[in-house]
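Readers should treat all values here as calculations from the given coordinates under stated rules, not as data from a laboratory. Note that the structure is a prediction, hence the values are computed from the model and not measured. Cβ placement follows ideal geometry from the backbone for every residue including glycine, while neighbour counts extend to all protein chains displayed.
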Amino acid sequence: MDRIGKENNDRFIKDVKLKDPSAAAAMSCLLPGLGQILNGQILKGITFLGTLLFIVIFGVILAVFSGWKSAILLLLFGLPIIWFYGIWDAYAYAKKHNEKISVLWRLSRLMVLLETVSMNCARPARIVAVWHSMQNSGGCL
């Protein structure tokens with residue numbers, strides 16, 4: 001049973017996909033929304049891209065009908081706000097996702113330990129050995 005618990009825990013670890021916060025931020029630096037798409041937030045990424053496109057199109061319309069001053073103000077203030085918020089959002093989401101996975105990973109390791117403890121109550125040396133092997137295998141617990 002101890003082996004089955006370890007196999008389930010190892011399968012959980014292999015199935016988990018960690019996000020790279022710096023890669024998400026870098027993609028959002030290239031184009032707002034790409035970092036969100038990289039993080040798996042497809043709809044949010046498309047929303048960022050659509051907002052960027054809307055601001056550019058609206059800026060062109062303002063330039064044609066209202067003059068360049070209005071368009072330049074919109075582009076100078078609208079684009080950086082969307083761009084920097086997109087970078088921050090992609091980075092923060094990836095970091096928060098990894099923290100949640102870390103907590104779940106630690107809980108799964110604890111479950112394996114508790115299962116081992118319940119099965120090996122009369123063998124404290126075995127419990128200590130399992131604990132040390134769990135610490136050395138992942139470094140998180």
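Go ahead and run the numbers for FRET between Asn98 and Leu53, Cβ-Cβ distance against an R0 of 41 Å, rounding to 0.05. Mind dumping the intermediate values first?
Numbers: r = 30 Å, r/R0 = 0.74.
Step by step, r from the Cβ atoms, then E = 0.85.
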Full-stretch length increase - Phe84, Leu30 - with 0.36 nm per residue and alpha-carbon distance subtracted: 18.3 nm
Amide N proximity, segment 73-100 versus Ser66 label position 7 Å along Cα-to-Cβ, cut-off under 11 Å: 73-75
